[in-house]
1. Right, Arg154: in contact with a Pro (Cβ under 8 Å, 6 or more places away or on another chain), of a type in the set (D, E, K, R) and either more than 18 Å from Leu205 (Cα to Cα) or surrounded by fewer than 21 Cβ atoms within 10 Å (Cβ to Cβ) (or both) or not?
2. Restricted to segment 127-146, and to residues that are under 24 Å from Glu218 (Cβ atoms) and free of Cβ contacts under 8 Å to residues at least 40 places away in the same chain, which residue is surrounded by the fewest Cβ atoms within 10 Å (Cβ to Cβ)?
3. Give the residues of segment 87-117 that are among the polar types (S, T, N, Q) and farther than 26 Å from Ala22 by Cα, sorted by residue number.
4. Looking at Arg49, Arg45, Arg28 in this structure, which one is out of contact with any Phe, Trp or Tyr (no Cβ under 6 Å at 6 or more places or on another chain), over 26 Å from Leu138 (Cα atoms) and part of a helix (DSSP H, G or I)?
5. Of the residues Ala39, Ala66, Ala81, which is within 19 Å of the chain's Cα centre (by Cα) and more than 20 Å from Asp149 (Cα to Cα)?
6. Out of Gly208, Gly148, which single residue is closer than 21 Å to Trp46 by Cα, modelled with pLDDT under 90 and not aliphatic (A, V, I, L, M)?
7. Does segment 100-108 contain at least one residue that is farther than 21 Å from Thr68 by Cβ and out of contact with any His (no Cβ under 9 Å at 6 or more places or on another chain)?
8. Is it true that some residue in segment 63-77 is buried (at least 16 other Cβ atoms within 10 Å of the Cβ), farther than 21 Å from Leu41 by Cβ and not small (Gly, Ala, Ser)?
Amino acid sequence: MPLPLTQRPDTLVPEILDDLPADHPDARSSRRDLRWFNAALGNWRWFERQLPGRLRAGERVLEIGAGTGELGGRMARCGVAWDGLDRAPPPAEWPAGARWHQQDVFNFSGWAAYPVVTGNLIFHHFDPEQLRRLGAALSSHTRLLMVGDLRRGRWQQWTFWAFACLIGANHVSRHDGWLSIRAGFRGDELPRLLGLNPAEWSWRLDPGPFSAYRLIAERRS
């Protein structure tokens, strides 16, 4: 395996899972592995702890890249009005009453309905230009952005590799996870790549275990 880059790469390498049909055996196995990785990172629990107390009355939350809907289901059980945005159709167990926007994030025009935006393990999929475009869209209406993603680093990659071997992760998970950490973030990279203006936004990083990268960004009042 190549060593990780000191700087985040401008050109991201495609991941295998992106091109596999949802019912492919390797895709199903990789989604199983992803549940293990999410449990180890603890990002779902982090959202459950950190988000509800930051919401204002009547606010709905939009999750970018809602995927299998598991985070949305957990947050709905916490009483959060949680909607999903993803190119894939809604999962079978998507919570009743929760909305699902099936479209590309860069074609989405409903930002005005969502003062709170979240994403889990999705932002590292975007290259710098896409992050700039996404940040411009968020800056129009968003007051709170919470992101659970991956921290880039050599130690993080090898720790992931050891964990993947321990749980018997398949070749898709091992390949994609290694690349995902390579595309992750360090320090203030993510808010700066999004183009968040420090005069208008305050943010803090909330370090997590292993390769977890967590960002809470709030618009200044």
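1. Yes.
2. Ser140
3. Selection gives Ser109 alone.
4. Arg28
5. Ala81
6. The match here is Gly208.
7. Yes, segment 100-108 contains a residue that is farther than 21 Å from Thr68 by Cβ and out of contact with any His (no Cβ under 9 Å at 6 or more places or on another chain).
8. no
The values are calculated or read from the model by the stated rules, or taken from the named source; none is laboratory data. Bear in mind the structure is a predicted one, so any value in this text is a computation, not a measurement. Cβ atoms come from the backbone with ideal geometry, glycine included; neighbour counts cover every protein chain shown.
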